[in-house]
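In what follows, a single structure is set out as structure tokens and then discussed.
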Amino acid sequence: MEGQVIIAIGREFGSGGHEIAELIATKLEIFLIDDKLLYDLSSEKKIPYEELKKYDERPKVPFLSRTVSGYTNAMEEHLAKMQFEYLRKMAEGGESFVIVGRCAEYVLKDFPCMTSAFISGNKETKCERVMKKYKLSADEAKKLMKKKDATRKAYHNYYCEGKWGDSRNYDLCINSSQIGVEGAADVILSFVERKQKK
Amino acid sequence: MLQQVISVAIFVIMFGVIISEKFERHLVSLAAGALMLIVVLGICMRSPSAIWDTLNLAEFVTPSFWYAKVESAGGSAGINWSTIVFILGMMIMVEGMGKAGFFRWLCLTMAKAVRYKAMPLFLTFMVTSFVLSMFIDSITVILFLAAVTVELAQLLGLSPVPMILAEIFCANLGGSATMCGDPPNIIIGTALGYSFADFLKNTGLIALLSLGFVILYFCLRFRKNLKNGQVDVAIAYPKPASAIQSKKAFGVSCVIFACAVVLLVTHAMTGLTVATIGTLVGALTLLASVRDAKTLLKKVDYKTLLFFVGLFVVVGGLEQTGVLSVIADFIHGICGSHSYVMIAVILWVSAIASAFVDNIPFAATMIPVIESLAATTGMDLSVLSWTLACGTDIGGSATPIGASANVVGVSIAAQNGHMIGWGRYCKTMLPVTIITMLISMLCIFVRYL
């Protein structure tokens, strides 16, 4: 594909969103920004990676954080702002990349080359994937899915105007249980291709 | 009974919504204040006089609001306009000083005076934070001090975190030393009729004594970190003069600040009330910089002033319905006539509450409670006032959300890549807060009981 391509992928836990993003990045031979973002920020700001990881994609805890004249003690919010700034810089620098989560569909909404997709899945399929990947029982996997999705939703909805997973905020909403990881990646790629030709 | 239940519900819901940060706190307190006036005082109590007393507008035309040869108690009922007018005036003055470059100049001058050596710099900035916070709000002090600390620490190859934490603690401690250092003290002073000198002679001495221990604590705790700092003569350190935006504005702001300090220190002798002093310094700042007056006025934190207005109405409602007397009776019931127990309870409950919730609503609520306690137990009201001031001002240092200075300091560190989470913060600040609270308690026991 010619020109700058940015693909922002939001996902439910266990929907295979990360694998889809990896596949797209490999096919287009562009960056996948996921943990790379934390590693880059870690070396740029000289903050240990583990410390950043603790606050990554987490909402601030209401009763443990306070805002005074625009200043906040919530480290989650500071990291989120650093990440948003990093993404905007990358996009402004003309880089092509696939980004998973981090409210990217909202943060990069002013870039016409950005395509956003939200990956959901059937509960059973997601549960199977989580059980296999994290070696958990069905009950444990369901609990983890519920917890992770609640965290992602709270994180997203705090920073963005639109709600997490609301179809009006994304170019595409795909149920990966219906067409698989490969199929979802192909749908996104063909959408991007058509968009570029337009 | 119904009005008491409703007023408590309004207060509790207001507190909860403020903590949740779903809405801006001034909107929450104003809405709660309106509810208190309409529902509790208007509908339940059907008392227009209670509404009028709570709004307290007559205070402006009272001569003692502007001039009082003997410091008069404004009373705790209703909106404390003295506090609001004073804070407004000080905000304008501080904006003017910041714009002229005063704070940055002062920090850089201090750093230059100690030749940028880590340990002397650490000590100097702690004392600077303490002294400035005696007269200026701690948010402004930390805003400038922490920014310069980050800049200098980077040049010295040091982590700025120890210095910022020490500065935060000293700002809160310095705030406890005077009547205008921390909003709870202004509210206590104006409501109960204490002067700047009264605070200085009581909470000021406790704060000064504590400062020695605090400095020792931070030096011992961070001595290894500070040893690593290297003064590189080849580095061009920022020059103090570079901070001054306009020599004229700088000179004027220095004179106005000096006037404010003199007026505050002598206000018991001159008879000028804090409301008059606030009005004078605010007006002088605006007159001295007519061109920038609009900008200065725009920068005033009106949201905080509106938050105070709503808060005073809510607390006034609680007082009118007799809820605060019930709380006072409850404390009296627990402590009996044991003054030591009562002091300990007020000090530690204030400190613990202030570590988690805003100390301003807490102090405003507690003033009528200690008044009632003094009346029923015969305890000296001033002793209870100093206890409340120490608890609310110093207790807030224990957690990152306990005081505004903590939030601002932690945020400036994080913006510069130094993450200070709850664990890291409390590991340093909780022990020193407990030590300082113990010192304060001992001082109050020994001196007053």
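The values are calculated or read from the model by the stated rules, or taken from the named source; none is laboratory data. Computed from a predicted model, the values in this text were never measured in an experiment. Every residue, glycine as well, gets a Cβ built from its backbone with ideal geometry; the counts of neighbours run over all protein chains shown.
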**Report entry** Test for B:Val432: is it assigned to a helix (DSSP H, G or I), surrounded by fewer than 21 Cβ atoms within 10 Å (Cβ to Cβ) and more than 14 Å from chain A (Cβ to nearest Cβ)
**Finding:** no
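Quick grid of which residues meet (1) of a type in the set (Lys, Arg); (2) more than 21 Å from B:Pro184 (Cα to Cα):
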residue	(1), (2)
B:Thr285	no, yes
B:Lys294	yes, yes
B:Leu297	no, yes
B:Gly310	no, no
B:Val326	no, yes
**Report entry** Condition check for A:Glu2: over 19 Å from the mean Cα position of the chain (by Cα) and more than 20 Å from A:Lys153 (Cβ to Cβ)
**Finding:** yes
Requested in this report: Output the qualifying pairs, or none if there are none: Cβ atoms under 7 angstrom, residues six or more apart or on different chains, first residue in the range A:140-161 and in contact (Cβ under 8 Å) with a residue 60 or more places away in the chain and surrounded by 15 or more Cβ atoms within 10 Å (Cβ to Cβ), second residue β-branched (Val, Ile, Thr) and part of a helix (DSSP H, G or I).
Outcome: A:Ala141/A:Val130; A:Leu144/A:Val130; A:Met145/A:Val130
Query raised in the report: Could you say which residue among B:Val369, B:Val407 is crowded, with 24+ Cβ neighbours inside 10 Å and over 28 Å from B:Ala166 (Cα atoms)?
Result: B:Val369
Report task. Consider B:Phe135 carefully, then state whether it is more than 18 Å from A:Ser69 (Cβ to Cβ) and either within 22 Å of the chain's Cα centre (by Cα) or acidic (Asp, Glu) (or both). Result -> yes
Query raised in the report: Hey, B:Ile439 hits all of (1) outside any helix (DSSP H, G or I); (2) in contact (Cβ under 8 Å) with a residue 12 or more places away in the chain; (3) of a type outside the set (Asp, Glu) but one; which does it fall short on?
Result: (1)
Query raised in the report: How many residues are in contact with a strand residue (DSSP E or B) (Cβ under 9 Å, 6 or more places away or on another chain) and either without any contact (Cβ under 8 Å) to a residue 40 or more places away in the chain or assigned to a helix (DSSP H, G or I) (or both) when one looks only at the range A:169-180?
Result: 3
Requested in this report: Give the residue that is nearest to B:Asp393 (Cα to Cα), with candidates limited to residues of the range B:107-131 that are among the hydrophobic types (A, V, I, L, M, F, W, C) and surrounded by fewer than 21 Cβ atoms within 10 Å (Cβ to Cβ).
Outcome: B:Val131
Report task. Among the numbered conditions (1) crowded, with 18+ Cβ neighbours inside 10 Å; (2) touching a helix residue (DSSP H, G or I) at 6+ places or on another chain (Cβ under 7 Å); (3) at the interface with chain B (Cβ under 9 Å from one of its Cβ atoms), tell me where A:Pro59 comes up short. Result -> (3)
Requested in this report: Quick one: A:Arg102 ticks every box in (1) within 14 Å of chain B (Cβ to nearest Cβ); (2) touching a residue at least 60 places away in the same chain (Cβ under 8 Å) except a single one, so which number is it?
Outcome: (1)
Report task. Count, please, the residues in the range B:373-399 that happen to be of a type in the set (S, T, N, Q) and modelled with pLDDT under 90. Result -> 2
Query raised in the report: Counting just the residues of the range A:62-88 that are at the interface with chain B (Cβ under 9 Å from one of its Cβ atoms) and surrounded by fewer than 19 Cβ atoms within 10 Å (Cβ to Cβ), which one comes out farthest from A:Gly14 (Cα to Cα)?
Result: A:Ser69
**Report entry** Among the candidates B:Ala153, B:Ala73, B:Ala147, residue that is more than 19 Å from the chain's Cα centre (by Cα), at pLDDT below 90 and small (Gly, Ala, Ser)
**Finding:** B:Ala73
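To keep it simple, each residue is scored yes or no on (1) crowded, with 23+ Cβ neighbours inside 10 Å; (2) within 14 Å of chain A (Cβ to nearest Cβ); (3) under 23 Å from the mean Cα position of the chain (by Cα); (4) within 25 Å of B:Thr270 (Cβ to Cβ).
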| site | (1), (2), (3), (4) |
| --- | --- |
| B:Cys44 | no, no, no, no |
| B:Ala58 | no, no, no, yes |
| B:Thr62 | no, no, no, yes |
| B:Gly98 | no, yes, yes, no |
Requested in this report: For residues that are surrounded by fewer than 22 Cβ atoms within 10 Å (Cβ to Cβ) and outside any helix (DSSP H, G or I), tally how many sit in the range B:245-288.
Outcome: 5
Query raised in the report: Failed condition for B:Glu24, given (1) out of contact with any strand residue (DSSP E or B) (no Cβ under 8 Å at 6 or more places or on another chain); (2) touching a residue at least 12 places away in the same chain (Cβ under 8 Å); (3) away from every other protein chain (no Cβ under 14 Å), with all others met?
Result: (3)
Query raised in the report: In the range B:427-448, is there at least one residue being closer than 28 Å to A:Glu44 by Cβ and modelled with pLDDT of 95 or more?
Result: yes
Query raised in the report: So is B:Ser195 away from chain A (no Cβ under 14 Å) and of a type in the set (S, T, N, Q) or not?
Result: yes
Query raised in the report: In the range B:398-410, is there at least one residue being in contact (Cβ under 8 Å) with a residue 40 or more places away in the chain, away from chain A (no Cβ under 11 Å) and of a type outside the set (Asp, Glu)?
Result: yes
Requested in this report: Scan the range A:1-26 for residues that are in contact with a Lys or Arg (Cβ under 7 Å, 6 or more places away or on another chain) and assigned to a loop (DSSP other than H, G, I, E, B) and jot them down.
Outcome: A:Glu12, A:Phe13, A:Gly14, A:Ser15, A:Gly16
**Report entry** Subset of the range B:12-38 (residues that are more than 27 Å from A:Ser69 (Cα to Cα) and surrounded by 17 or more Cβ atoms within 10 Å (Cβ to Cβ))
**Finding:** B:Leu37
Report summary line: Those residues of the range A:27-50 which are in contact with a Leu (Cβ under 9 Å, 6 or more places away or on another chain), within 11 Å of chain B (Cβ to nearest Cβ) and in a helix (DSSP H, G or I) amount to A:Leu41, A:Ser42, A:Lys45
Query raised in the report: Here are B:Leu297, B:Leu263: which of them is of a type in the set (A, V, I, L, M), without any contact (Cβ under 8 Å) to a residue 40 or more places away in the chain and farther than 29 Å from B:Glu151 by Cβ?
Result: B:Leu263
Query raised in the report: Among the listed residues A:Ile33, A:Ile20, A:Ile9, which satisfies the condition of being under 13 Å from the mean Cα position of the chain (by Cα) and closer than 13 Å to A:Gln83 by Cα?
Result: A:Ile33
Report task. Say whether the condition of being in contact with a His (Cβ under 9 Å, 6 or more places away or on another chain), surrounded by 15 or more Cβ atoms within 10 Å (Cβ to Cβ) and in a helix (DSSP H, G or I) is met by at least one residue in the range A:89-97. Result -> no
